[in-house]
Amino acid sequence: MGRPTLFHVELKRRGWNNWEEFSVHYVDGGRTLAKQTGQRRLATARVGRTSFERWAKPDYSGRPRAEATQILEHLFGCSIDELFSPALTAAELRQPPTEAAAVIDDLWPSTSRLIVPATGAAGMWELTGRDSLAGTAAAVQVMTAIHDGDSDDVLVVDPAGDLKHFLRPAARRGFLMGVEEHADSHGLYILDAGSARRAQAVASSRGTPIAIPRAYLLDDLTYGILWSLTQLDDGLLADDRALDAESHNLDMYLALPRSAPNRQLLELTAAGASWWGSAFCAQYIGRELQDASDIPLFWTREQRGAEAAPWLFFRHKIDYLRNTGRFADGGQTTSRVFCVPEAAIGRTERYERVLLLLAIALMERHGIRVRLVTEPAYAAMDGVAFVPGRKAVVANWVRTGEPLWAASTISGRADLRSYNTAFGDAGQLDILTAPDPKGRLQELARFLDIDWAWVTTRCRAVAEHGISHFVRTRSRLLTSEGADDALSFLGTFAPNI
């Protein structure tokens, strides 16, 4: 005898392997479906003993019809064809979690670890922090995925009905991970649990599996976004009450010439400290430049992806970039200088370099001319908004140590000459020399050792679906708008295939 059907296996697993017990669930399922679909006949559907005993045979090869198909697919969470096909073996059920863990361990060993049981139950995805990110963890359900030949999706196979329990609304963050087997490798596809829950409701009503866009393949682009956003989001949620309480003191801090609270006193997470320092600096610079008529020049301290990620996700950062556009004058726009020594790039993995590329692309998207210097001598340069001949507004929140920020306004002639020299050197040392954003971003990708055709093609694919479906923001202080904007902008430069 061959392997028993999945229906036969599930009846035993759930303790429904007698007609009386099964009928109770069958009737309840019909009534629930009737309310969901408006098909009243489902509310009175019943199953006869003879039909049940025929379906329950281990080698039954037929297919129930009419409303029975709808009710069975609703009860078991998979298609009627899967339900009456041979069930997967224990070894096959273990394969997706095992392969997913191996892929993640191979690609991101220093920042990611997937712990999943062999039983098909949900596991834990641990994300290790770096720089301004302190790490977090999320629940994950790993399932087999197959390519949908009729669309650009992969379909998640749920032979044991594990998803119904996993996708219940919960306070913790969760991901559905589909594992697709290739000839010599495995592809991982990601869907946020909230998106998967909505997709499951649609799939159940249609009697189809859950579909995940192939654009949500887990690679250095999507992993970098997920890795940084989840850590920022979870940290800000943990700090929500403290940040809300401290926000009432913002005017007091802005009025002081040189003052910043110690992050230890506020007991903030790394994400909360980054947000609070960044938010203060943005308001401080905005206040100091509100009457400026000349176009200011900006110097920024971010060198790594973890430091640059806030530009993509902090809501106030997006507003700050938009406001910078007011300095455009007669076709001239402001510029922003980054100092990224080659040694700093050598210490980062590609997914972090992709985050830096996205952040700089977002600035170019907003009309800001980005310059990049690599001289280590400028690596510790202040973050500053410089109005030549008038003042330098120093506002650091990256790598400031214990204080959340370092802010002051300088107008002494000697100091202004020093800043003028630094920005003059930046113009000479700038390695992004192309006259247009596309050319500068291509030069940046080469410096970061990122394949231009790959990254722009992937950006275009992900932008078509948006990032909120594979990893969503939950904190009120975050938005995916900046990242989506950067993806769309880089995607316009993708080669036509």
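The values are calculated or read from the model by the stated rules, or taken from the named source; none is laboratory data. The model shown is predicted, which means the values in this text are computed figures rather than measured ones. Because the Cβ atoms are built from the backbone with ideal geometry, glycine has one as well, and the counts that use them run over all protein chains shown.
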Please determine, by comparing only the residues of the range 73-86 that are buried (at least 23 other Cβ atoms within 10 Å of the Cβ) and out of contact with any Gly (no Cβ under 6 Å at 6 or more places or on another chain), which one is modelled with the highest pLDDT. 83
Only residues in the range 111-140 that are free of Cβ contacts under 8 Å to residues at least 24 places away in the same chain and under 19 Å from residue 220 (Cα atoms) count as the first member; pair them with residues that are crowded, with 21+ Cβ neighbours inside 10 Å and of a type in the set (Phe, Trp, Tyr), Cβ under 7 angstrom, at least 6 apart or cross-chain, and list the lot. 137/125
Tally the residues that are buried (at least 24 other Cβ atoms within 10 Å of the Cβ), touching a residue at least 60 places away in the same chain (Cβ under 8 Å) and either over 13 Å from residue 405 (Cα atoms) or of a type in the set (Gly, Ala, Ser) (or both), restricting the search to the range 271-296. 4
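Quick one: is residue 436 exposed (fewer than 14 other Cβ atoms within 10 Å of the Cβ), among the charged types (D, E, K, R) and under 23 Å from residue 131 (Cβ atoms)?
On the way: exposed (fewer than 14 other Cβ atoms within 10 Å of the Cβ): yes; among the charged types (D, E, K, R): yes; under 23 Å from residue 131 (Cβ atoms): no.
Judged against the criteria, residue 436 is not a match.
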In the range 205-233, which residues are part of a helix (DSSP H, G or I) and closer than 30 Å to residue 37 by Cβ? 205, 206, 214, 216
Can you tell me which condition residue 63 does not meet? The list is (1) free of Cβ contacts under 8 Å to residues at least 60 places away in the same chain; (2) farther than 19 Å from residue 158 by Cα, and all the others hold. (2)
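Quick check: is even one residue across the range 483-491 closer than 20 Å to residue 138 by Cβ, surrounded by 23 or more Cβ atoms within 10 Å (Cβ to Cβ), touching a residue at least 60 places away in the same chain (Cβ under 8 Å) and not polar (S, T, N, Q)? Reasoning before the result, please.
Taking the range 483-491 as the starting set, the residues that turn out to be closer than 20 Å to residue 138 by Cβ are 483.
Applying the additional criterion that residues be surrounded by 23 or more Cβ atoms within 10 Å (Cβ to Cβ) yields 483.
Narrowing the set further to residues that are touching a residue at least 60 places away in the same chain (Cβ under 8 Å) leaves 483.
Keeping just the survivors that are not polar (S, T, N, Q) gives 483.
Yes, because at least one residue in the range 483-491 is closer than 20 Å to residue 138 by Cβ, surrounded by 23 or more Cβ atoms within 10 Å (Cβ to Cβ), touching a residue at least 60 places away in the same chain (Cβ under 8 Å) and not polar (S, T, N, Q).
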Quick check on the range 311-326: of everything there that is surrounded by fewer than 21 Cβ atoms within 10 Å (Cβ to Cβ) and hydrophobic (A, V, I, L, M, F, W, C), which residue is modelled with the lowest pLDDT? 321
Out of everything in the range 113-137 that is under 17 Å from the mean Cα position of the chain (by Cα) and closer than 17 Å to residue 179 by Cα, what residue ends up being surrounded by the fewest Cβ atoms within 10 Å (Cβ to Cβ)? 124
Going by what's in this entry, would residue 392 be described as of a type in the set (A, V, I, L, M), over 32 Å from the mean Cα position of the chain (by Cα) and surrounded by fewer than 17 Cβ atoms within 10 Å (Cβ to Cβ)? no
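Taking the range 36-47, which residues are closer than 19 Å to residue 200 by Cα and surrounded by fewer than 12 Cβ atoms within 10 Å (Cβ to Cβ)? Give the derivation first.
Start the filter on the range 36-47 by keeping residues that are closer than 19 Å to residue 200 by Cα, which leaves 36-38.
Across the range 36-47, the qualifying residue is only 38.
Does the range 41-63 include one or more residues that are within 38 Å of the chain's Cα centre (by Cα) and either part of a helix (DSSP H, G or I) or assigned by TED's automatic domain parsing to the domain that holds residue 162 (or both)? Quick ask: steps written out before the conclusion?
Our first condition is that a residue be within 38 Å of the chain's Cα centre (by Cα); within the range 41-63, this holds for none.
So far as the range 41-63 goes, no, none of its residues is within 38 Å of the chain's Cα centre (by Cα) and either part of a helix (DSSP H, G or I) or assigned by TED's automatic domain parsing to the domain that holds residue 162 (or both).
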Please identify the pairs in which a residue from the range 407-424 that is closer than 16 Å to residue 339 by Cα has its Cβ atom under 9 Å from the Cβ atom of a residue that is aliphatic (A, V, I, L, M) and not in a loop (DSSP other than H, G, I, E, B), counting only partners at least 6 apart or on another chain. 419/297; 419/384; 419/392; 419/410; 422/337; 422/384; 423/297; 423/337
Right, residue 173: basic (Lys, Arg), surrounded by fewer than 21 Cβ atoms within 10 Å (Cβ to Cβ) and closer than 18 Å to residue 467 by Cβ or not? no
Look through 3, 54, 49 and report the one residue that is among the charged types (D, E, K, R) and touching a helix residue (DSSP H, G or I) at 6+ places or on another chain (Cβ under 6 Å). 49
Among the residues of the range 111-142, what is the count of those that are among the hydroxyl-bearing types (Ser, Thr, Tyr) and at pLDDT 80 or above? 4
When you look at residue 450, is it buried (at least 16 other Cβ atoms within 10 Å of the Cβ) and either without any contact (Cβ under 8 Å) to a residue 12 or more places away in the chain or part of a loop (DSSP other than H, G, I, E, B) (or both), yes or no? yes
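Listed here are the residues, each with its yes/no results for (1) surrounded by 16 or more Cβ atoms within 10 Å (Cβ to Cβ); (2) out of contact with any Ser or Thr (no Cβ under 9 Å at 6 or more places or on another chain).
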residue	(1), (2)
145	yes, yes
155	yes, no
182	no, yes
188	yes, yes
What is the residue count in the range 454-497 for residues that are in contact with a Lys or Arg (Cβ under 7 Å, 6 or more places away or on another chain), among the aliphatic types (A, V, I, L, M) and part of a helix (DSSP H, G or I)? 1
